[in-house]
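To start, the structure under review is shown below, and the notes come after it.
Rule-based calculations on the coordinates, nothing more; no lab input. Computed from a predicted model, the values in this text were never measured in an experiment. A quick note on method: Cβ atoms are made from the backbone with ideal geometry, for glycine too, and the neighbour counts reach across all protein chains shown.
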Amino acid sequence: MIGIAGTDEKLEMLKSKFGFDAGINYNTTENMVAAIKEAAPNGVDIYFDNVGGSISDAVLFSINKFARMVICGAISAYNNTELPKGLSVQPFLVKNSALMQGFIVSNYAEKFPEAMKQLSEWLAEDKLTYTETVVEGFDNIPTAFIDLFEGKNTGKMIVKI
Ligand SMILES: NC(=O)c1ccc[n+]([C@@H]2O[C@H](COP(=O)([O-])OP(=O)(O)OC[C@H]3O[C@@H](n4cnc5c(N)ncnc54)[C@H](OP(=O)(O)O)[C@@H]3O)[C@@H](O)[C@H]2O)c1
């Protein structure tokens, strides 16, 4: 399992706390295509995409046959003022018979009670690992939100009111 993040501290946490095998710092890596190929010499079967843009484009060069790409978010694109010019994904999907699907968590709203119960149990049993970045005060909500785009949080961003 390989994680991509913006600081070496976050990569260290991915490995030491969350069980990732390797990490790539996208801010200090010049050639993401080569770095992903090096980290995943056998290719990528599953890509969980939170960011979109050039990082996700680079992953496409390493996908395996029947790869699955879960499109959770595209934070690199949220502040774009023009339509981004990225790779065309179709040739990669066709060549690899790969699947790309987005989702919104509310699609599964009817399963929230079941999820809350299961996640609470896993938390109580120490089977779920998480980190939080807690910011104090209602007035800091805008700053906390903007900080997400600069990677200032290391865990789930929480504003304590
Ligand atoms: N599908 C859904 O239902 C759903 C629901 C909630 C959230 N989301 C999406 O899931 C993703 C993660 O959300 P979260 O709330 O858990 O946030 P998060 O991952 O805790 O924080 C956002 C992180 O994104 C990274 N980032 C910021 N700008 C970036 C860029 N231009 N390129 C690459 N990475 C960048 C930063 O880390 P670095 O230091 O690594 O840059 C930052 O810490 C977001 O895309 C969000 O929109 C989807």
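From the phi angles alone, apply the Karplus equation (6.51, -1.76, 1.60; θ = phi - 60°) to the range 150-161 and give each ³J(HN,Hα) in whole Hz, x where the residue is Gly or Pro.
In residue order, the calculated couplings are 10, x, 6, 7, 9, x, 4, 6, 10, 9, 8, 10 Hz.
Let's see if you can work this out: charge +1 on each Lys and Arg Cβ, -1 on each Asp and Glu Cβ, no other charges. What is the dipole magnitude of the chain about its Cα centre, in debye to the nearest 20? Intermediate values should be presented prior to the final figure.
Details: 14 positive and 20 negative charges, 104 e Å.
Charge dipole of the chain: 500 debye, to the nearest 20.
Per residue, how big is the convex hull of the range 108-161 when only Cα atoms are used? Give it in Å³. Could you put the intermediate results ahead of the total?
Numbers: hull volume 6.4 nm³, N = 54.
Convex hull volume per residue, Cα atoms: 118 Å³.
Over the residues of the range 64-161, compute the C-alpha Rg and express it relative to 2.2 N^0.38 Å.
Values: Rg = 18.3 Å, N = 98, 2.2 N^0.38 = 12.6 Å.
Relative to the 2.2 N^0.38 Å estimate, the range 64-161 comes out at 1.45.
Please turn the phi angles of the range 3-11 into ³J(HN,Hα) values with the Karplus equation 6.51 cos²θ - 1.76 cosθ + 1.60 (θ = phi - 60°), one per residue in order, whole Hz, x for glycine and proline.
x, 10, 8, x, 9, 5, 4, 5, 5
Mind jotting down the distance between the C-alpha centroids of the range 91-120 and the range 1-66, whole Å?
Between the Cα centre of the range 1-66 and that of the range 91-120, the gap is 20 Å.
Which residues' amide hydrogens lie under 5 Å from the amide hydrogen of Val135, considering only partners 5 or more residues apart or on another chain, with H built in the peptide plane?
Hits under the 5 Å cutoff: Ile158, Val159, Lys160.
Taking a ≥ b ≥ c as the square roots of the Cα gyration tensor eigenvalues, with a/c under 1.5 meaning rounded and otherwise prolate when a/b beats b/c, else oblate, which class fits the range 1-63? Kindly include the intermediate steps, with their values, before the conclusion.
Working: a/c = 1.60, a/b = 1.30, b/c = 1.23.
Verdict is prolate for the range 1-63.
With θ taken as phi - 60° and the coefficients 6.51, -1.76 and 1.60, list the Karplus ³J(HN,Hα) couplings across the range 139-145 in order, rounded to whole Hz; mark glycine and proline as x.
These are the phi-based 3J(HN,Hα) values: 5, 8, 4, x, 4, 4, 5 Hz.
Sorted from largest down, what three extents in whole angstroms do the Cα atoms of the range 1-111 have along their principal axes?
Sorted from largest, the Cα extents of the range 1-111 read 36, 32, 32 Å.
Under the rule of at least 5 residues apart or a separate chain, name every residue whose amide H is placed under 5 Å from the amide H of Arg68.
Ile46, Tyr47, Leu99
Could you list which residues have their amide H under 5 Å from that of Ile24, counting only those 5 or more apart in sequence or on another chain, with H placed in the peptide plane?
Hits under the 5 Å cutoff: Gly3, Ile4, Ala5.
Just rank Phe149, Phe61, fewest to most, by other beta-carbon atoms within 10 angstrom.
Working: Phe149 11, Phe61 15.
Result, fewest neighbours first: Phe149, Phe61.
Putting +1 on Lys and Arg Cβ atoms and -1 on Asp and Glu Cβ atoms, find which of Gly73, Gln90, Ala124 reaches farthest to the positive end of the dipole of the range 69-130.
Farthest towards the positive pole: Gln90.
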